[in-house]
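Before any comments, here is the structure.
Rule-based calculations on the coordinates, nothing more; no lab input. What you are looking at is a predicted structure, and each value in this text was computed from that prediction instead of being measured. Every residue, glycine as well, gets a Cβ built from its backbone with ideal geometry; the counts of neighbours run over all protein chains shown.
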Amino acid sequence: MPPEAKFTQGSTLKHVVIMSATGAFGLMFMFLVDLVDMWFLSMLGKKEAVAAVGFASVILLFTISISIAVAIASTALISRAVGAGDMALAKRCSVNCLVYGIVFSFTIVWFIYPKIPHLLLYIGASGRALDLSIDYLQILIFGMPAVMVAMIGSGIMRAIGDARRAMYATLIGGFVNALLDPILIFGFGLEVQGAAIASLIARISMIGVTYYCVIHLYKMLAEFDLLDFYHDVKVISLIAIPAMLTNFFSPLASVIVIEHSANFGDEAVAAIAIIGRVVPVVFGGVFALTGAVGAILGQNYGAKSFKRLQETLTSAVIYSFVYCLIMCSVLYAGQNWLITTFNATEATADLIQFFATFTSFSFFFQSLLFIALATFNNLGKPYVGTLLNFGRATLGTWPLIVVFSWFFGAEGILFGQAVGSIIFGCFGFIMAKRYIVQLEKEAMLAVKLDRSIP
């Protein structure tokens, strides 16, 4: 049996730290393996191979964002049910979210696969980098259903408060990937294709770990009922589709950045690709906030504990500030090691140094936006989060990187991104705080109306 709604009791800061730390460890390990992929490929001495993975990763971000969106919906619905004490509803939501995700992911793979060359051409891939990125993506795209299933399973675990087991899937997947990478890349001489095959096998391996916990340990899957599924599709979609749109805009910002960086040559694209792999490893604790805070907010919203909702937001800000301060210091101190490790050329090294020295702390402000997105996704207004992320990905990205790159060159791309994160992070967090106050007033008014009815 799943545990009681643990997030409705005890220190919210402790819950945020534990949920975020375990989620961060899983994410950081998974992306650390991706970083190792990049390192192995850089050892080949072919900058086109590194750039190819950078281009392909932009498309993969879209597919991963879809999986994350369905996982967000599952966490929101299940955590609310757990907070309200309705475990039958929680189990029904679990199985229906799983079926929803499987159908959706296979549909996306069927749609994207024949369009891979055109998509890569659109974002600026060309020459040998284009050929290698096509090879990489045509293999790894088939891992999307496995990622979907694993992420929904982890979302279920987070919703019931088991953060430790929720990270097991990513740890196992990371170990498998790290083991197979050198064997396939160097041992079999498959290079970029070897990296893709290793990642594909690793993603498939994540499924078994997650669903051992969900099915056998906690028995969180109810028997599938087609009529219940038909009813729940709308409920899931009301959260998942806005969350998908919200998550689409982060890769959209990446597309804008990498497309614009292509104007400065392969060295700039390679730098953006390296930074893109370093960021999730270093700032995994920030990226884990959405799932971690979402589960805590969901349970307390189900329990109608509005004071704890506010406390959760405050605790998340404290955690983010301390985490970013520490990790930015580590990144600053280790920038030369990164440059040496990835055999960066002079132009690539300049961009890495600029990021580590001047713009990395903007991720604290991006964490404020993540907290806001978690608030709106889990408390009934996911479309507000969609609009916020759309604003950051468009108004907070393209105009700023264009303007600043005129003055600072390729460094202006990174600076423009940082300014956009500061503006939309602060704005989104203020909106989230006010929304919780509004929800509390509405709940108090509803109670008064109930009492006034004879």
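FRET efficiency for the pair ALA347 and TYR113, taken as 1/(1 + (r/R0)^6) with r the Cβ-Cβ distance and R0 = 41 Å, rounds to 0.75. Taken one residue at a time, the phi angles of segment 66-75 give Karplus couplings (6.51, -1.76, 1.60, θ = phi - 60°) of 5, 4, 4, 4, 5, 5, 4, 4, 5, 4 Hz. Gly and Pro are set to x. Taking amide H as placed 1.01 Å from N in the peptide plane, GLY85 has no amide H partner under 5 Å among residues 5 or more places away or on another chain.
Overall form of segment 177-258: oblate. Here a/c, set by the Cα gyration tensor axes a ≥ b ≥ c, is 1.5 or more, and a/b is not larger than b/c. For LYS219, the aspartates and glutamates whose Cα comes closer than 19 Å to its Cα, not counting residues fewer than 8 places off in the same chain, are GLU4, ASP86, ASP162, ASP228. At LEU13 and ALA84, where each label point lies 7 Å from the Cα along Cα→Cβ, what is the point-to-point distance in nanometres? The modelled label-to-label distance comes out at 3.3 nm.
Protection proxy ranking, highest mean first, for peptides 356-369, 98-111, 329-342, 433-446: 356-369, 98-111, 329-342, 433-446, where packing is the per-residue count of other beta-carbon atoms within 10 Å, averaged.
Highest mean first, the peptides 10-18, 134-142 sorted by other C-beta atoms within 10 Å per residue fall in the order 134-142, 10-18. Using θ = phi - 60° in the Karplus curve 6.51 cos²θ - 1.76 cosθ + 1.60, the 3J(HN,Hα) couplings for segment 108-125 round to 5, 4, 4, 6, 7, 3, x, 9, 4, x, 5, 5, 5, 4, 5, 8, x, 5 Hz; x is entered for Gly and Pro. Relative to one another, the C-alpha centroids of segment 206-231 and segment 122-171 are positioned 20 Å apart.
Multiplying the residue separation of THR394 and LEU445 by 0.36 nm and subtracting their alpha-carbon distance yields 14.6 nm. Shown in residue order for segment 50-60 are the 3J(HN,Hα) couplings computed by the Karplus curve 6.51 cos²θ - 1.76 cosθ + 1.60 at θ = phi - 60°: 5, 5, 4, 5, x, 5, 5, 5, 4, 5, 4 Hz (x for Gly and Pro). Taking each DSSP H run with n ≥ 4 as -39500 (n - 2.57) and averaging over every residue of the chain yields -27500 deg cm²/dmol at 222 nm. Remark: the chain projects, on average over all directions, an area of 21.0 nm² (convex hull of Cα atoms). With both labels modelled 7 Å from their Cα along Cα-to-Cβ, the ILE326 to LEU44 distance reads 3.7 nm. Full extension of the chain between VAL103 and LEU171 yields a length gain of 21.9 nm, computed as 0.36 nm times the residue separation minus the alpha carbon distance. Take every pair of alpha-carbon atoms less than 8 Å apart whose residues are at least six positions apart; their mean separation over the length of the chain yields a relative contact order of 24 percent.
Computed from Cα atoms, the angle from the helix 191-211 axis to the main principal axis of the chain rounds to 10 degrees.
Modelled spin labels at THR340 and THR314, positioned 7 Å past Cα toward Cβ, are 4.6 nm from each other.
Centroid-to-centroid, using Cα positions, segment 54-110 and segment 244-286 are 24 Å apart. Relative protection proxy for 381-389, 216-224, from highest mean packing down: 381-389, 216-224 (other beta-carbon atoms within 10 angstrom).
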